[in-house]
Amino acid sequence: MSLPQVVSRDEWLVARKKLLAEEKAMTRARDALSTKRRELPMVKIDKDYMFEGPHGTASLLDLFDGRRQLIVQHFMFDPRWEDGCPSCSAAADEFSDGLLEHLHTRDTTFAAVSRAPIDKIERYKARKGWTFPWYSSYGSDFYYDFHVTMDETVAPIEYNYRTKTEHEQAGTSHYFEGQQPIEEPGFSCFLRDGDDIFHTYSMYGRGAEWLGGSYAFLDLTALGRQEEWEEPKGRAADPRGAVPDFSA
């Protein structure tokens with residue numbers, strides 16, 4: 001394995017302070033980016049999306065649970081599957097009751113939504129021991145409209161704000177590999193003004209990394225995520241692929 005260079009404490013401190021300056025610049029840049037995110041315009045939701053939850057049918061407004069904001073995890077769970085997506089499950093493992101309570105104090109609700117029928121969701125949720133709200137959008141357009149289910153027989157396909165052609169040109173056509181319909185992950189944010197609902201933000205792909213704690217912790221360490229794409233090479237004896245299911 002290739003390990004960091006060994007130096008004196010004084011030499012290390014010089015290097016650390018140099019990196020600290022870059023970290024502070026990134027923090028300021030991230031704050032500025034978050035400001036731009038809050039300044040995005042929003043789109044009114046005019047479609048009456050309906051979901052199934054553990055207590056019956058629910059509207060998108062019901063998912064807010066009386067709060068002003070709603071964050072939805074588009075949890076990959078095709079109706080044909082018996083289990084949810086391993087990577088989405090790894091993220092869900094980190095959604096603690098404390099996290100939900102903290103969001104609630106800031107007038108924000110978190111809920112997962114999947115295309116699988118509610119009985120499959122409930123069985124899987126119970127097996128995993130999760131407590132967060134999780135709804136089924138089975139039979140609705142919700143997943144297609146938010147571009148996390150791709151099926152060219154239903155609608156032109158798009159993911160992460162790129163068409164299939166644009167992904168092919170960018171070398172990221174792997175998003176569309178496999179038999180359609182294809183499930184992909186994402187998160188969407190909504191704002192409520194009275195009974196009016198507005199879509200304010202959605203993110204896909206690696207954007208969701210910031211909502212899981214494991215990568216944030218590993219990025220602080222000398223060995224990092226121990227995935228094949230990382231630099232410097234040779235830090236991991238057995239590099240993993242960039243698949244965030246944490247199964248190994």
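The values are calculated or read from the model by the stated rules, or taken from the named source; none is laboratory data. Nothing here was measured: the structure is a model prediction, and the numbers come from that model. For neighbour counting, all protein chains shown are included, and Cβ atoms are generated from backbone atoms with ideal geometry for every residue, glycine included. When the accessible area is computed, the model is the full protein with side chains, heavy atoms only, and any ligands, DNA or RNA have been set aside. Shrake-Rupley method; radii C 1.70, N 1.55, O 1.52, S 1.80 Å.
Some observations on this one:
- Residue under evaluation ASP141, criteria (1) surrounded by fewer than 16 Cβ atoms within 10 Å (Cβ to Cβ); (2) closer than 19 Å to ASP93 by Cα; (3) touching a residue at least 60 places away in the same chain (Cβ under 8 Å), criterion not met: (2)
- Condition met for ALA25 (at pLDDT 95 or above, farther than 30 Å from ALA222 by Cα and aliphatic (A, V, I, L, M)): no
- Annotation: of all residues in the stretch 7-56 being without any contact (Cβ under 8 Å) to a residue 40 or more places away in the chain and not in a helix (DSSP H, G or I), the one that is most open to solvent (accessible area, probe 1.4 Å) is HIS55.
- Qualifying residue in the stretch 63-81 (condition: free of Cβ contacts under 8 Å to residues at least 40 places away in the same chain and not in a loop (DSSP other than H, G, I, E, B)): no
- Scanning the stretch 172-190 for residues that are of a type outside the set (Val, Ile, Thr), open to solvent by less than 60 Å² (accessible area, probe 1.4 Å) and more than 14 Å from ASP78 (Cα to Cα) yields a count of 8.
- Take the conditions (1) at pLDDT below 95; (2) assigned to a loop (DSSP other than H, G, I, E, B); (3) in contact with a Pro (Cβ under 6 Å, 6 or more places away or on another chain); GLU94 misses just one of them, which is (3).
- Checked against the criteria, ALA92 does not count as among the small types (Gly, Ala, Ser) and free of Cβ contacts under 8 Å to residues at least 40 places away in the same chain.
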